Amino acid sequence: MSEFWGQGLASEIARQILIYASNEFNIPCVLGITSSHNTASMNVLEKIGLVFDKMITLPGGTEEICLYKPDT
């Protein structure tokens, strides 16, 4: 679906998910993860107000991934 890339759709959807999580489920903090080579996803996370925190490995995983947290 590359015809939709670069139109800001992922950023807008992610932004709306943050609002929904807060308003409907009272989730106070949403984190983001992505692989270190996925710059498009990194950009989306940064556009919605998250900042890189550290590299982590998920339980059972072998790849280090980027953890993003709210910019507080």
Residue under question is residue 21, and the condition is that it be in contact (Cβ under 8 Å) with a residue 24 or more places away in the chain and of a type in the set (A, V, I, L, M); does it hold? no
Within the range 12-24, residues among the acidic types (Asp, Glu) and surrounded by 13 or more Cβ atoms within 10 Å (Cβ to Cβ) come out as 12
Count of the range 23-72 residues which are aromatic (Phe, Trp, Tyr) and closer than 25 Å to residue 5 by Cβ: 2
Leading residue by the ranking (nearest to residue 69 (Cα to Cα)) among those in the range 38-52 that are surrounded by 15 or more Cβ atoms within 10 Å (Cβ to Cβ) and in contact with a Ser or Thr (Cβ under 9 Å, 6 or more places away or on another chain): 45
Residue pairs, Cβ under 7 Å, 6 or more apart or interchain, first in the range 30-58 and over 17 Å from residue 9 (Cβ atoms), second in a strand (DSSP E or B) and of a type in the set (Lys, Arg). List them. 31/69; 50/69; 51/69; 53/69
Answer yes if at least one residue in the range 25-37 is surrounded by 12 or more Cβ atoms within 10 Å (Cβ to Cβ), at positive phi and touching a strand residue (DSSP E or B) at 6+ places or on another chain (Cβ under 7 Å), and no otherwise. no
Flagged pairs (Cβ under 9 angstrom, 6 or more apart or on separate chains; first in the range 1-12, free of Cβ contacts under 8 Å to residues at least 24 places away in the same chain; second exposed (fewer than 12 other Cβ atoms within 10 Å of the Cβ) and acidic (Asp, Glu)) are none
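No value in this document is a laboratory result; all are computed from the given coordinates. As the structure is a prediction and not an experimental result, all values here were calculated from the model. Note that we place each Cβ from the backbone using ideal geometry, even for glycine, and neighbour counts take in every protein chain shown.
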